[in-house]
Amino acid sequence: MAEETAGIRIPGHVAIIMDGNGRWAEKRGLPRTAGHAKGCEVLEQTVRDCANIGIRYFTVYAFSTENWKRSVEEVSGLMHLFRIYIRKLQKVAMEENVRVRVIGERRRFAPDLIAALDEIESVTKGNTRMDFVMAMNYGGRDEIRRAVVKLAGLVRSGALNPEDITEETISRALDTGEIPDPDFLIRTSGEKRLSNFLLWQSAYTEFYSTPVLWPDFNKEELLRDLAVYGSRDRRYGGVKTK
Ligand code: IPE
Ligand code: IPE
Ligand code: MG
């Protein structure tokens, strides 16, 4: 393991609520989309950093089910950036041996973006160093609702007995069915809300709020945040740490 992480307990699964792009741009007199563009660059570097540090699962909140309520300009700016970013990310993921997975209800996106999301998942499927999970049109409540619909269908068809529904059954029916729960959740920009992110999965996740705005996030900040995780005493759950 790299020298910079010597002595730091690395969580198996790190999740980030990337917040503060708008404030970063507004502080500079730039349009909010400029903050999102910088945020995409920072995310690309952070994917590389997480893989190099030895994190096994890295999840980010990229677009929430509530984010559609933003202005038409901002939403279309974000969709434009997603198209460019996904193409770029596919190269990065292949270089870094990273598997990309997308959670959330992708059907609401435009057909070409859906196709790009499907493609990046299938092209990177065999990559083994890290799983990078992008939450796109994701809401924890919507994810639970969709899981309930799925399970109700199985009950109706006779494939599942209601009495046999365990916590494990529910976990498996979520978008994150194959992904372990996050150990450490960072939210940038000083906010202290979950904003509908990984509601079921973060039952025992350690939460940390840093004042750094997402476009200013970097490896030094990541290592500082991971040191906070290392200093905490976990009670339950989590991926085995290295
Ligand atoms: C997070 O930054 C990015 C997305 C939600 C897509 P914001 O756009 O929420 O930035 P602030 O919170 O307004 O500063
Ligand atoms: C959460 O941030 C969603 C993402 C980071 C994609 P928001 O900025 O949208 O959340 P609220 O509005 O502060 O709850
Ligand atoms: Mg915000």
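The values are calculated or read from the model by the stated rules, or taken from the named source; none is laboratory data. Predicted model, so just to flag it, every value in this text is computed and none were measured. Positions of Cβ are generated from backbone atoms using ideal geometry, with glycine treated the same way; all protein chains shown enter the neighbour counts. Please note that ligands, DNA and RNA were not included when accessible areas were found on the heavy atoms of the full protein model with its side chains. Shrake-Rupley method; radii C 1.70, N 1.55, O 1.52, S 1.80 Å.
What does the charge dipole of the stretch 160-242 about its Cα centre add up to, to the nearest 20 debye, if the Cβ of each Lys and Arg holds +1 and the Cβ of each Asp and Glu holds -1?
Numbers: 11 positive and 15 negative charges, 80 e Å.
The calculated dipole for the stretch 160-242 is roughly 380 debye.
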Which of the peptides 54-62, 107-115 is most tightly packed, and how do the rest follow, going by the mean number of other Cβ atoms within 10 Å of each residue?
-> 54-62, 107-115
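Say a site is exposed when it is one of the GluC sites (Glu not before Pro), sits in a DSSP loop, and has at most 16 other Cβ atoms within 10 Å; what is then the longest site-free stretch of the chain? Please report the intermediate quantities before stating the final value.
Values: sites that count: 66, 105, 178, 191.
Maximal segment without exposed cleavage sites: 106-177.
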Within the under-12-Å Cβ sphere about residue 17, not counting residue 17, Lys/Arg +1 and Asp/Glu -1 give a net charge of +1
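Loop only per DSSP, at most 11 neighbouring Cβ atoms within 10 Å: give me the trypsin sites (Lys or Arg not before Pro) in the stretch 167-208, ordered by residue number.
Counting only loop positions with at most 11 other Cβ atoms within 10 Å, the trypsin sites (Lys or Arg not before Pro) in the stretch 167-208 are 192, 193.
Compute the FRET efficiency between residue 150 and residue 66 as 1/(1 + (r/R0)^6), taking r as their Cβ-Cβ distance and R0 = 25 Å, and round to the nearest 0.05.
Details: r = 23 Å, r/R0 = 0.90.
Step by step, r from the Cβ atoms, then E = 0.65.
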Taking Cα centroids, how far is the stretch 149-206 from the stretch 84-106 in Å?
-> 22 Å
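Is it possible to state the helix-based mean residue ellipticity at 222 nm for the chain, with each DSSP H run of 4+ residues giving -39500 (n - 2.57), the sum divided by total residues, to the nearest 500 deg cm²/dmol? What is it? If you can, show how the numbers build up before the last one.
Numbers: 7 runs with 103 residues, N = 242.
For the chain, the value works out to -14000 deg cm²/dmol.
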Return the carbon/sulfur percentage of the accessible area of the stretch 1-101, one whole number, probe 1.4 Å, all protein chains in place.
-> 53 percent
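Quick check on my link table: of 27/69; 38/192; 27/219, which ones sit more than 32 Å apart, alpha carbon to alpha carbon?
On the way: 27/69 23 Å; 38/192 23 Å; 27/219 23 Å.
Those over the limit do not exist; all pairs fall within it.
Under a 1.4 angstrom probe, counting protein chains only, how are 142, 118, 49 ranked by accessible area, largest first?
118, 142, 49
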Computed magnitude of the charge dipole of the chain (debye, nearest 20; Cβ of K, R +1, Cβ of D, E -1) = 280 debye
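What does the extension gain come out to for residue 121 and residue 228, with contour length at 0.36 nm per residue minus their alpha carbon separation?
35.3 nm
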